[in-house]
């Protein structure tokens with residue numbers, strides 16, 4: 001007897017007609033035509049059932065603050081940082097908490113049940129830290145939050161960054177962050193990477209640094225981050241986010257850098273929606289795409305995740321926390337149109353991102369948490385193409401969110417047809 005059985009599901013990777021049996025919040029069995037009863041059954045015939053979406057890079061402290069104190073008219077990273085600096089004195093813990101919680105409702109509706117959020121620790125009040133640590137506790141039954149101590153104004157550029165970062169870690173933050181390219185000099189950036197990696201190694205923390213979020217091909221802090229990952233033996237625990245300077249680097253240098261990253265066991269997170277809009281702002285034509293070399297990193301075996309990064313904040317005016325939108329943008333910008341490449345883009349917002357975050361119990365195997373999304377799509381590629389409706393979002397074996405299938409009714413005179421744009425609808 002199961003609590004829930006999902007019948008006749010398609011799974012990522014191509015398996016079809018699979019029944020998924022759930023008991024006590026865990027996946028208990030997978031197989032063809034499970035001969036068992038359940039308290040609740042979901043017919044997923046023809047639909048893709050995936051583990052939940054994972055946003056491996058977002059800023060929940062600034063989310064949904066669009067227009068405060070004003071809009072980013074230039075669209076640049078630096079104006080966004082300046083706007084955030086103007087807003088900081090007016091922030092309250094309650095407002096940060098409420099905006100972030102509202103995003104969690106959006107996240108659940110979109111099937112995004114694991115989130116890594118960077119929190120600015122250069123506000124001496126640490127209001128965002130207090131707000132998100134509380135939210136992490138409150139939302140834990142439904143969404144897994146992993147919080148990064150992020151010295152947004154620079155580890156050395158802002159005098160109290162180290163003090164605040166260490167305090168934030170003690171308050172409950174999980175990951176050490178950094179922003180070496182925003183330091184005053186390249187040398188300060190290099191030293192900040194070394195200092196932050198030592199803190200993380202000493203405290204046994206994961207690392208996720210905003211690294212080389214610039215069009216400058218000479219911004220090469222990812223090289224230092226890779227070397228320090230070797231030095232501290234932290235392979236599988238360190239991530240470089242953005243890495244946009246890599247799109248402008250000399251090919252010969254990159255041919256050395258990417259194998260070093262793979263050897264070190266360092267991961268990469270691209271943020272396609274933001275990278276494509278913020279980068280290349282100083283170019284006339286041709287304009288650079290901005291996103292890091294996802295295709296080459298994936299081919300070398302470097303784990304690559306995609307993040308939403310911003311949702312209606314000083315850096316990005318759009319978004320609804322739809323990780324399929326993120327995957328679709330990454331696919332297009334990176335020209336990742338091969339069948340395996342498109343599937344890898346789906347993986348960048350599911351399995352690969354979960355591995356980068358070191359999530360326990362993630363996946364669709366017996367013993368994993370019964371966290372799943374039933375999508376109105378046949379497979380991963382169709383899910384990206386259609387930004388597929390999340391028919392059921394399931395957390396620990398219970399339905400967390402539910403949507404009706406998306407379709408239109410078209411009348412050509414006496415000829416009436418229902419259209420949902422799936423391949424099944426072609427017949």
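The values are calculated or read from the model by the stated rules, or taken from the named source; none is laboratory data. Predicted model only: the values in this text are computed from it and were never measured. Methodologically, a virtual Cβ is constructed for each residue, glycine included, from the backbone with ideal geometry; neighbour enumeration extends over all protein chains shown.
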Every listed condition ((1) closer than 30 Å to residue 302 by Cα; (2) surrounded by 13 or more Cβ atoms within 10 Å (Cβ to Cβ); (3) in contact with a strand residue (DSSP E or B) (Cβ under 9 Å, 6 or more places away or on another chain); (4) touching a residue at least 40 places away in the same chain (Cβ under 8 Å)) holds for residue 403 save (1)
Taking segment 80-100 and keeping residues within 23 Å of the chain's Cα centre (by Cα) and either closer than 26 Å to residue 290 by Cα or buried (at least 17 other Cβ atoms within 10 Å of the Cβ) (or both) leaves 80, 81, 84, 96, 97, 99, 100
The residue from 224, 292, 214 that alone is modelled with pLDDT of 95 or more, buried (at least 16 other Cβ atoms within 10 Å of the Cβ) and closer than 24 Å to residue 164 by Cα is 224
Practice task
Answer with yes or no whether residue 124 is surrounded by fewer than 21 Cβ atoms within 10 Å (Cβ to Cβ), in a loop (DSSP other than H, G, I, E, B) and either modelled with pLDDT under 95 or out of contact with any strand residue (DSSP E or B) (no Cβ under 6 Å at 6 or more places or on another chain) (or both).
Solution key: yes
The one condition residue 256 fails out of (1) on the phi > 0 side of the Ramachandran plot; (2) without any contact (Cβ under 8 Å) to a residue 12 or more places away in the chain is (1)
Considering only helices (runs of 4 or more DSSP H) wholly within segment 319-427, the ones with at least 1 residues that are touching a helix residue (DSSP H, G or I) at 6+ places or on another chain (Cβ under 7 Å) and within 24 Å of residue 147 (Cβ to Cβ) are 323-333
Within segment 39-63, the residues that are crowded, with 18+ Cβ neighbours inside 10 Å and either modelled with pLDDT under 95 or assigned to a loop (DSSP other than H, G, I, E, B) (or both) are 44, 47, 51, 52, 59, 60, 61, 62, 63
